[in-house]
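Just below is one structure, and these are the notes that go with it.
The values are calculated or read from the model by the stated rules, or taken from the named source; none is laboratory data. Predicted model, so just to flag it, every value in this text is computed and none were measured. Backbone-built Cβ (ideal geometry, glycine too); neighbour counts: all protein chains shown. Note: areas computed on protein heavy atoms with side chains; ligands, DNA, RNA excluded. Shrake-Rupley method; radii C 1.70, N 1.55, O 1.52, S 1.80 Å.
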Amino acid sequence: MQFVKLTLCAIVFGAFAISAPCESHAADVIKDVRQRFQAVGVEEVPDFQQHVVPLMGRLGCNGRACHGSFQGQGGLRLSLFGYDFKMDHDGLSERLDTDDPVESYALQKATLQETHEGGKRMAVDSWEYNVFLRWIEGGAKPVETPKKLVKLNVTPSEIVFTAREQSKPLKVIAVWENGTQEDVTPLCRYSTNDDMICSINEDGIVSSGDVGDAHVVVAYDAAIVPVPILRPVSDQTGHRYPQIAGRTEVDQHVISKLRKLGIVPSDVCTDAEFLRRVSLDITGTLPTANQVREFLADSSPKKREQKVNELLETPAYAAWWTVQLCDWTGCSDQFLNNVNPARRRNGSKDWYDWIYKRVVDNVSYDTLVENIVVASSREDGESYRDYCERMSGYAHDKDASFSDQKGLIYYWGRSNFRQTEDRAIGFAYTFMGTRIQCAQCHKHPFDVWTQNDFQEFEKFFARVNFARNGSDRNAYNAMIEELGLKGLRGNEQRKAVEKLLKQGKTIPFPELVINKPRVSAAARKKLQQAKAKGRKVNIPAKTAKLLGEQVVDVENIPDPRTALMDWLRESPTQLFAKAFVNRVWANYFNRGIVEPTDNLSKGNPPCNQALLDYLAQGFIDSGYDMKWVHREICLSDTYQRSWNPNETNKQDERNFSRAVPRRMPAELVIDALAMATVNDERATNFTSDLSNRALLRTSPPRNANSGPDYALAVFGRSTRESNCDCDRSSEASLLQTLFVRNDQDTLAMLDARQSWLAQYVKQNNTNDASQQRIERQRVAGEKQFKNLMRQLVRAKKAGNEKQITAAERRVEAIEKRLESLPKQKDKKLADFDAAKMIEEAYLRTVSRFPTDHEREISLAYIENSKDPGTGLKDLLWALINTKEFMVNH
């Protein structure tokens, strides 16, 4: 029998949360099966759902490596983790003998009386054996109506160890809908999230390992409960913990956890570190040299707050966070070939512009998402032709833009987003930060969702249709005929359409529509008869179920997606808000409060539950104001901590006691290289004028063999090809090192006409126009001399006397011409302020002044260079190749 549909109150995140021990007297709790079935001859008959199926989980029978695999084992297949009671009972029935239970094949295999590839799972007369035997003796009854588990109490709700190899048992009480409470400790599945910190055995006994914190996860029936396990790293806990002010609520939640672990946070970082860090994190842009000078000279106590607010108003902020929203929503030209005939190869530009406009306007996140989730092609009252005229107008009218379209219809038109299962998985990933792929085939191993939950969720997407030829077939055909396209197909038609659009014609566009519910012929006849009699007509109900929550009649609402959007806002799980704040947090700290950031699940709990809850609720209370999240994080001491560790936090990378140095994301690396090398004028407007910036690359290219797209690929830009935040990589590689050291694009940045070095040469070159012309002649002559010498060598190897004579004569002429050129005036160090240029190089790369030692070394190097320009170029090259430059710290 399929697992029972659970109601809203039964399966929301809070329903199976760790709770205090049950208030009822201990005598009201049924003892565990280990005690009750230790002896033979017990009268009680075990229940298949409550005892037998969980026991098979404890013994490993329904695990992936055994009968729970897709193929099963030895002719027996069970549902993975025991979610399908009917399937499991049907499979076992063939191996049971209710007339002579002891002879049951299932028992003989498990006790190794018969050969069993899985080995001996239990001993004869053990309590496990007695549970199975007694169930068979009682008639091996199936589950008629599944019981509803309403709570799983786990005690203790948190364990704090003080040394290695200590142990502590868990006690697990199941509370059923009828009020029955039972100790199910021996029937649970247990796992640990970090076996270096703690381990847990099949009896629920937790053992300590290294210092730090982790979780053990308890699973029983439909419930999954995480239990925090801590072992302090020092003796500075409780009253021995130093007095550290929690200046903001973020700080208070972080310090509360650090106090338990005996971790003392690092001091607040310097102003220079803060400016560089916050500029990169908010705007994806290095501060200019002048901005560093001004910020360090500012004595205002509120200058950090003012800087955060200033950065949040820049176009670069909108661009960088548009990039990330495009990552999460899946903006890629690879899957947008047919969404817009006007931009067949570049639909991502429309997508990017649509999101960018809303980030600039600080549209609330829930409104932005709503206009994606319930996007519609046509505006109210528009015909199909009207819609096509408006869409064609975006290509014709320079003052109009696709970003003016109310909804982002492209989200639903992607070629990898057409099937209902793809939509269900992608929707949960994008807007809930959750992986539900596993439930597509079996019960989710780390959450409460079953295969039935997944299949029910899919139904919300069944009526959504991205119609390539629009929903009005007559209007579409009429337009095709008017445009002279009748009879054309495929590429031939597409090319003709593009040509007509350039001529200012209105062309047909694909359309996002919600199909009418499918009704059988008999049902349709009854509906028509009822409607003719003036009765209220409802289509026969067809329900869908929001993941683990309420059931919705999707046939009798105009657009089932409205129910999805309402659910995102109103679900008590708050996954919608948590997914966003968690991803934003990860941008600032190199890891999420839940990590991975796209795996918010019961079995993957946050490292700081109170912190995640606070940010999610605050985000909701702010009206889903995205800037509220940025301010709340950036203005905390937690964000502003130094990366320099102390003895207690040098190993901490999950509790935010210090800044963790992290390589810049791909777009930031490429723009930082440009920012470090461009002239002062371009650097000054880098956050406002986004021309040619990597932040404007709207999609991963189909081929990234050269130019900015190649560089972005080298540094791990998101491929946007799957439902995974791991599409973006922050891993370091040898190829990245080689790119910054000697790739032609990097070297070209240093030598470009608009580079900072070219600006220096222009400002400090004392030669007049005549001498510059002489220098060009000298360079050209030297190049010609080298070519002639190569020709002479080849002629001598060939023994061609005629060619040798001619080459020697020309070489001699070039030598005389070069000797006749006037000597170039020497560039002296006095021509420019070397110390000032060294300071400028440090400020524009690592955003700080050089130390005395660095200044001394740099000055000596420039003095010993063949000319100051070469020395300065080498210094700038060295700085962009340092870890300090490449890492955000």
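Say each of residue 742 and residue 422 gets a label point 7 Å from the Cα, pointing the same way as Cα to Cβ; how far apart are those two points in nm?
Distance between label points: 4.4 nm.
Over 28 Å between C-alpha atoms is what I'm after, so list which of 783/883; 148/602; 650/883; 148/257; 406/516; 86/109 land there. Mind showing how you got there, number by number?
Numbers: 783/883 37 Å; 148/602 18 Å; 650/883 19 Å; 148/257 35 Å; 406/516 23 Å; 86/109 21 Å.
Too far apart for the 28 Å limit: 783/883; 148/257.
Taking the square root of 5 times each eigenvalue of the Cα gyration tensor, what semi-axes in Å does the equivalent ellipsoid of the chain have, largest first? The partial results should precede the final answer.
Numbers: eigenvalues 737, 308, 155 Å².
Its equivalent ellipsoid spans semi-axes of 61, 39, 28 Å.
So what's the back-of-envelope 222 nm ellipticity for the chain, counting only DSSP H runs of four-plus at -39500 (n - 2.57) apiece and dividing by all residues, rounded to 500? Let's see the in-between values first.
On the way: 36 runs with 385 residues, N = 889.
Theoretical 222 nm ellipticity from helices: -13000 deg cm²/dmol.
At residue 389 and residue 270, where each label point lies 7 Å from the Cα along Cα→Cβ, what is the point-to-point distance in nanometres?
Result: 6.4 nm between the two label points.
Calculate the FRET efficiency for residue 643 and residue 704 from the Cβ-Cβ distance with a Förster distance of 25 Å, rounded to the nearest 0.05.
Numbers: r = 32 Å, r/R0 = 1.28.
Efficiency computed from Cβ-Cβ geometry: 0.20.
Explain nothing, just the number: relative contact order of the range 630-677, from Cα pairs under 8 Å at least 6 residues apart, as a whole percent. Walk me through the numbers on the way to the answer.
Numbers: 23 pairs, mean separation 14.3, N = 48.
With pairs under 8 Å counted, the relative contact order is 30 percent.
Report the full-extension gain for the segment residue 734 to residue 239: residue separation times 0.36 nm, less the Cα-Cα distance, to one decimal in nm.
On the way: separation 495, 0.36 × 495 = 178.20 nm, distance 4.80 nm.
Extending this stretch completely gives an extra 173.4 nm.
What do you get for the angle between helix 347-360 and the principal long axis of the chain? Use alpha-carbon atoms, 0 to 90 degrees, nearest ten.
Value to nearest ten degrees: 90.
On a full-extension model of 0.36 nm per residue, what is the gain between residue 833 and residue 31, subtracting their alpha-carbon distance, rounded to one decimal in nm? Provide the component values of the computation, followed by the final result.
On the way: separation 802, 0.36 × 802 = 288.72 nm, distance 8.48 nm.
So the extension gain works out to 280.2 nm.
With each pseudo-label sitting 7 Å past Cα toward Cβ, what's the residue 86-residue 362 distance in nm, one decimal?
5.5
In percent, how large is the relative contact order of the chain, given Cα pairs closer than 8 Å and 6 or more residues apart?
Details: 1412 pairs, mean separation 109.7, N = 889.
Once divided by the residue count of the chain, the mean separation gives 12 percent.
If you find the alpha carbon centre of the range 653-693 and of the range 241-289, how far apart are they in angstrom?
Cα centroid of the range 653-693 versus Cα centroid of the range 241-289: 20 Å apart.
Based on the alpha carbons, how large is the Rg to Rh ratio for the range 60-166 when Rh follows Kirkwood?
Numbers: Rg = 17.0 Å, Rh = 15.9 Å.
Looking at the range 60-166, the ratio lands at 1.07.
Contact order normalised by length for the range 566-647, with contacts defined as Cα pairs under 8 Å and 6 or more residues apart; what percent is it? Walk me through the numbers on the way to the answer.
Numbers: 63 pairs, mean separation 20.7, N = 82.
Answer for the range 566-647 is 25 percent.
How much of the accessible area of the range 101-164, probe 1.4 Å, is carbon plus sulfur, in whole percent?
Details: 1460 of 3120 Å².
Answer for the range 101-164 is 47 percent, counting heavy atoms of protein chains only.
Determine, for each peptide in 112-122, 347-357, 552-562, the mean count of other beta carbons within 10 angstrom over its residues, then list the peptides with the highest first.
Listed from highest to lowest mean packing, they are 347-357, 552-562, 112-122.
Mean 1/r over all different Cα pairs, inverted: what Kirkwood radius does the range 216-359 give, in Å? Write down the numbers at each step before the final one.
On the way: mean 1/r = 0.0502 Å⁻¹.
It is 19.9 Å.
With axes computed from alpha carbons, what is the tilt in degrees of helix 315-329 against the longest principal axis of the chain, rounded to the nearest 10 within 0 to 90?
Approximately 40 degrees, to the nearest ten.
For the chain, give me the percentage of DSSP beta bridges that are antiparallel, rounded to the nearest 5 percent.
On the way: 41 of 45 bridges.
The antiparallel fraction comes to roughly 90 percent.
Return the Rg/Rh ratio of the range 207-289 with Cα-based radii and a Kirkwood Rh.
Details: Rg = 18.4 Å, Rh = 16.1 Å.
Rounded to two decimals, Rg/Rh equals 1.14.
Calculate the translational D of the range 641-738 in whole µm² s⁻¹ from Stokes-Einstein, where the hydrodynamic radius comes from the Kirkwood formula applied to all Cα pairs, the temperature is 37 °C and the viscosity 0.692 mPa s. All intermediate terms of the calculation are to be shown ahead of the outcome.
Values: Rh = 15.8 Å.
Taking Rh from Cα pairs, D becomes 208 µm²/s.
Could you tell me the distance between the Cα centroids of the range 597-615 and the range 716-739, to the nearest Å?
So the separation of the two Cα centres works out to 25 Å.
Compute the acute angle (0 to 90°) between the alpha-carbon long axis of helix 521-532 and the principal axis of greatest extent of the alpha-carbon atoms of the chain; round to the nearest 10°.
90
How much length is gained on full extension from residue 610 to residue 309, taking 0.36 nm per residue of separation minus their Cα-Cα distance? Please list the in-between numbers first.
Values: separation 301, 0.36 × 301 = 108.36 nm, distance 2.63 nm.
Using 0.36 nm per residue and subtracting the Cα-Cα distance, I get 105.7 nm.
Looking at the range 247-328, which trypsin sites (Lys or Arg not before Pro) are in a loop (DSSP not H, G, I, E or B) and have at most 12 other Cβ atoms within 10 Å? Spell out each step's value before the answer.
Numbers: sites: 247, 257, 259, 260, 276, 277, 293, 302, 303, 304, 307; in loops: 247, 302.
Hits after loop and neighbour filter: 302.
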